[in-house]
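This report refers to the structure that appears directly beneath it.
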Amino acid sequence: EAQVTQNPRYLITVTGKKLTVTCSQNMNHEYMSWYRQDPGLGLRQIYYSMNVEVTDKGDVPEGYKVSRKEKRNFPLILESPSPNQTSLYFCASRTGFGPDTQYFGPGTRLTVL
Amino acid sequence: LAKTTQPISMDSYEGQEVNITCSHNNIATNDYITWYQQFPSQGPRFIIQGYKTKVTNEVASLFIPADRKSSTLSLPRVSLSDTAVYYCLVGEGNNDMRFGAGTRLTVKP
């Protein structure tokens, strides 16, 4: 089954404790991205990757890091989480060409205390 | 980047046809129009995509007038399970598409 998986689905942590949210897709897609979703603000893109070892900032990259060492994986790293990063996070992937048809993961709800 | 404007919310009743219109006055020649559906606490799901005229699939229809400055997502005979947020995106890919606030559709019994 074609899918995007994220782990963990729920996470409660404390300020400053480094964390990683994993994302994996099994569709051999070149393009992957991370979004955060906050009430009233819709989905905002954090980082995206056009292919292995190619990453770039989205609209709200501050406080986040990503890496793309393999085509299928695109982890989101919060080196020093802060309460304003409490949000619902989605990973997405699509083929690298043509109009947007993204496949989204199930989401990770992060709470930073 | 082409911006889109959608109604913030809409109400409907089961069995009715729902039409959600999206304005995109600055759409470029190469831009496509894509609609996504999102249920609470789930990731958005692709519904339909088009370039011009009319596109229909098993879920919805997309109507695009000749000037392409707007588009209308049509959901036939909605049910309670169609209650969701619907997003209209415009672009040609290459990371130029952005999600706005979407339209929150509430279907009532």
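The values are calculated or read from the model by the stated rules, or taken from the named source; none is laboratory data. Keep in mind the model is a prediction, meaning the values are calculated, not measured. Note that each Cβ is placed from the backbone with ideal geometry, even for glycine, and that neighbours are counted across all protein chains shown.
The residues of the range A:60-77 that are in contact (Cβ under 8 Å) with a residue 40 or more places away in the chain and either more than 16 Å from A:Gln37 (Cα to Cα) or within 12 Å of another protein chain (Cβ to nearest Cβ) (or both), listed by number, are A:Lys71, A:Arg72, A:Asn73, A:Phe74, A:Pro75, A:Ile77.
Taking the range B:14-41, which residues are of a type outside the set (Gly, Ala, Ser) and part of a loop (DSSP other than H, G, I, E, B)? Result: B:Glu14, B:Gln16, B:Glu17, B:His24, B:Asn25, B:Asn26, B:Ile27, B:Thr29, B:Asn30, B:Asp31, B:Phe39, B:Pro40. When the range B:83-107 is filtered for residues that are touching an Asp or Glu at 6+ places or on another chain (Cβ under 7 Å) and more than 7 Å from chain A (Cβ to nearest Cβ), the ones remaining, listed by number, are B:Val90, B:Leu105, B:Thr106, B:Val107. Take the conditions (1) among the basic types (Lys, Arg); (2) surrounded by fewer than 14 Cβ atoms within 10 Å (Cβ to Cβ); (3) farther than 25 Å from B:Arg98 by Cβ; A:Lys57 misses just one of them, which is (3). In the set A:Thr101, A:Thr95, A:Thr111, A:Thr55, only one residue is within 12 Å of chain B (Cβ to nearest Cβ) and modelled with pLDDT of 95 or more; that residue is A:Thr55. Taken over the range B:42-71, residues that are surrounded by fewer than 16 Cβ atoms within 10 Å (Cβ to Cβ), part of a strand (DSSP E or B) and in contact with a strand residue (DSSP E or B) (Cβ under 7 Å, 6 or more places away or on another chain) amount to 3. Checking every residue in the range B:16-30 against the condition of being within 12 Å of chain A (Cβ to nearest Cβ) and under 14 Å from B:Ser74 (Cβ atoms) gives zero matches. Of all residues in the range A:9-33, those that are over 21 Å from A:Gly98 (Cβ atoms), surrounded by 13 or more Cβ atoms within 10 Å (Cβ to Cβ) and not small (Gly, Ala, Ser) total 8.
Going through (1) closer than 30 Å to A:Val54 by Cβ; (2) in contact with a strand residue (DSSP E or B) (Cβ under 6 Å, 6 or more places away or on another chain) one by one, B:Asp96 falls short only on (2).
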